[in-house]
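Engineer: Next up is a structure, given as structure tokens.
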Amino acid sequence: MKIAIVGTGYVGLVTGVCLAEIGHCVTCVDIDHGKIGQLQAGRVPFFEPGLAELLEKQQQRERLSFTVSHADAFARAEVIFLAVGTPQGADGMPDLRALTEAACAIGRYVRQDVLVVVKSTVPVGTTHSLQSLIAGQLAHPVKVRFAANPEFLREGSAVYDTFHGDRIVIGTEEGEAARMLEEVYRPLSIPILHTDIRSAEMIKYASNAFLAAKISFINEIANLCERLGATIEDVARGMGMDQRIGEKFLRAGIGYGGSCFPKDVKALLKMAERSGYSFSILQAVEQVNGRQQLLLIEKAAKRWGDLRGKRMALLGLAFKPDTDDMREAPSLVVARALLERGAQVAAYDPVSMGNARTLLPGQVQFAASAEAALEGADAAFVLTEWEEFTRPAFARQLQRMKAKVVFDGRNCLDASVMREQGVEYYPIGRGEVSEPVLTSIHEKRRER
Ligand code: NAD
């Protein structure tokens, strides 16, 4: 099919490249001339594993093209996906200006019947509003159908997720729209759930809010484990073996961040508030997360009292590994809190240094390597579980520190290795028994 994608961010570009890979003819449009220039030259403007290879392949096959002209992108499109950003607005609701502009462009430029698919995460009712907006703007007498088709990919494994998603949600009240979207996705063989538009919009928020709740819940259990002498990894494992609970999203740490969970939780809270409903659990989820992001600061303050003049190495800045996305990353909160308390901060991340420079306060020093950040440091804060920090070479680099104190915000370091290196090690959620035992017993049993 002939497809146009509006917005070439993490969602739009991955969707465009993957739809080309399964045989569609895709044109991606963006208002960012720099991004489109890079894409036309075959370069991915952000870090996403596996995407560059697929981009090159599809450009060579001439199934994928890029433009800054909405008119060109929509010229022959049968389906238009809206994948522009919906960042948090000042009132806590998503800022829908990009979406409104994109909708106006559809009204102006489509000259044939088309299916408009809202892939951006939007408050319940938005797709219907866009429908009215576009109807009022149409410059040509064409039939425009609508569907809400929320996206569930994860940054860092976005390509894999697009080909192996758990479900595709198609929200529409029009049979022909549902048929067309099924046709688009048929080669993926992913289960499809058909709903009305509002339910599809809600599924996205409910899913992200639930995952955020799982994270805040396990973090609360971790904090309690520390106080009661239990070990969070063993507790999480024991919980996760229950299929009603599931093992995913039970990793304790310094809370969730990123471009989706914080803003989607806030938006759902706002939607609830506007409809006169008090969403108590979700209020607590957000509150717990805010506190959890400062947990390592609390631990450091307890360790030293006064943090003034201390040199702190921040290792890992992206909100999670395998992405360069720094939006709402917990590292931003930790860096600001350390600076406020008078500490010096040296920061390093394997891929997100470019984005970090634009988002972290000016006083932060940027180190070219983990080793350089650790040089002469009083403490290290591991904030993203990059694979690099779990290698033996990293443990050896800790010897460059002035004082070998490590706060592990992701529980990704090996406690026994830390002990061997003489490190004063602070993980999250481990009481007196400081290493997970359930895992090792389980592994020994398997070895037998
Ligand atoms: P992004 O900020 O990375 O990219 C958005 C792109 O849209 C930018 O390149 C911007 O220049 C472009 N744009 C803005 N206005 C435009 C217009 N009028 N015409 C053409 N292009 C325009 O955003 P993202 O992270 O890809 O997220 C897109 C949407 O998908 C959001 O609603 C987000 O909540 C949702 N989502 C994101 C993820 C994720 O992991 N990033 C996952 C699921 C859903």
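Engineer: What are the GluC sites (Glu not before Pro) within segment 11-86 that DSSP puts in a loop, where the Cβ has at most 15 other Cβ atoms within 10 Å? Kindly include the intermediate steps, with their values, before the conclusion.
Structural biologist: Details: sites: 21, 53, 56, 62, 78; in loops: 62, 78.
Those that pass, being in a loop and sparsely packed, are 62.
Engineer: Run the numbers for residue 72 and residue 359: contour at 0.36 nm per residue of separation, minus the present Cα-Cα distance, in nm.
Structural biologist: 99.9 nm
Engineer: Per residue of segment 383-397, in order, report the coupling 6.51 cos²θ - 1.76 cosθ + 1.60 (Karplus, θ = phi - 60°) as ³J(HN,Hα) in whole Hz, putting x for Gly and Pro.
Structural biologist: Result, rounded to whole Hz: 10, 9, 7, 5, 4, 3, 7, 9, 7, x, 4, 5, 4, 5, 5.
Engineer: Can you work out ³J(HN,Hα) from phi for every residue in segment 230-238, in order, using Karplus 6.51 cos²θ - 1.76 cosθ + 1.60 and θ = phi - 60°, giving whole Hz and x for Gly and Pro?
Structural biologist: These are the phi-based 3J(HN,Hα) values: 9, 10, 4, 4, 5, 5, 5, 5, x Hz.
Engineer: Then there is this: Once the other residues with Cβ under 11 Å from the Cβ of residue 266 are scored (Lys, Arg +1; Asp, Glu -1), what is the net sum? The partial results should precede the final answer.
Structural biologist: Details: positive: 263, 270; negative: 91, 264, 273, 286, 328.
Its environment carries a net charge of -3.
Engineer: Assign one of three labels to segment 204-291, namely rounded, prolate or oblate, based on the Cα gyration tensor with a ≥ b ≥ c the square roots of its eigenvalues; rounded applies when a/c is under 1.5, prolate when it is not and a/b is larger than b/c, and oblate otherwise. Before the final figure, lay out each step's value.
Structural biologist: On the way: a/c = 2.26, a/b = 1.84, b/c = 1.23.
It is prolate, given that a/c is not under 1.5 and a/b is the larger ratio.
Engineer: Sticking with this one: Quick one: check the C-alpha center-to-center distance for segment 25-58 versus segment 210-239, whole angstrom.
Structural biologist: 40 Å
Engineer: Additional query: Roll a 1.4 Å probe over the protein chains and send me the accessible area per residue for segment 204-291 in Å². Mind dumping the intermediate values first?
Structural biologist: Details: 4420 Å² over 88 residues.
For segment 204-291, the per-residue accessible area is 50 Å².
Engineer: Based on the alpha-carbon gyration tensor of the chain and its eigenvalue square roots a ≥ b ≥ c, which shape applies: rounded if a/c is under 1.5, prolate if not and a/b is larger than b/c, or oblate? Display every interim value, and only then the final one.
Structural biologist: Numbers: a/c = 2.00, a/b = 1.78, b/c = 1.12.
Cα axes put the chain in the prolate bin.
Engineer: Hey, another quick one. Return the subset of 35/266; 2/143; 214/402; 57/119; 204/270; 35/119 for which the Cα-Cα distance in this structure is over 27 Å, preserving the input order. Mind dumping the intermediate values first?
Structural biologist: Working: 35/266 29 Å; 2/143 16 Å; 214/402 37 Å; 57/119 24 Å; 204/270 15 Å; 35/119 20 Å.
Checking Cα-Cα distances, 35/266; 214/402 exceed 27 Å.
Engineer: Using only Cα atoms, locate the centre of segment 396-415 and the centre of segment 335-359, then give the distance between them in Å, rounded to an integer.
Structural biologist: Using only Cα atoms, the two centres lie 17 Å from each other.
Engineer: Hey, another quick one. Just to be sure I understand: with springs between alpha-carbon atoms less than 10 Å apart, which residue in 418, 271, 239 has the highest mean-square fluctuation in the Gaussian network model of the chain?
Structural biologist: Greatest mean-square fluctuation among the candidates belongs to 239.
Engineer: Please list, in order along segment 287-297, the HN-Hα scalar couplings obtained from phi with the Karplus expression 6.51 cos²θ - 1.76 cosθ + 1.60 (θ = phi - 60°), rounded to whole Hz, x for Gly and Pro.
Structural biologist: Going residue by residue, I get 5, 4, 5, x, 5, 5, 5, 9, 4, 5, 5 Hz, with x marking Gly and Pro.
Engineer: If you don't mind, another one. With the crude spin-label approximation of a point 7 Å out along Cα→Cβ, what separation in nm comes out for residue 33 versus residue 133?
Structural biologist: A separation of 2.5 nm, rounded to one decimal place.
Engineer: At residue 166 and residue 143, where each label point lies 7 Å from the Cα along Cα→Cβ, what is the point-to-point distance in nanometres?
Structural biologist: 3.6 nm
Engineer: Moving on to the next point. Leaving out ligands, DNA and RNA, what percent of the accessible area of the chain is carbon and sulfur, probe 1.4 Å? Show your work: numbers first, answer last.
Structural biologist: Working: 10240 of 20060 Å².
With neighbouring chains kept in place, the figure for the chain is 51 percent.
Engineer: Ok, one more. How many angstrom lie between the Cα centre of segment 266-313 and the Cα centre of segment 66-142?
Structural biologist: 35 Å
The values are calculated or read from the model by the stated rules, or taken from the named source; none is laboratory data. The structure displayed is predicted, hence computed values, not measured ones. A quick note on method: Cβ atoms are made from the backbone with ideal geometry, for glycine too, and the neighbour counts reach across all protein chains shown. Heavy atoms of the whole protein, side chains included, go into the accessibility calculation; ligands, DNA and RNA do not. Shrake-Rupley method; radii C 1.70, N 1.55, O 1.52, S 1.80 Å.
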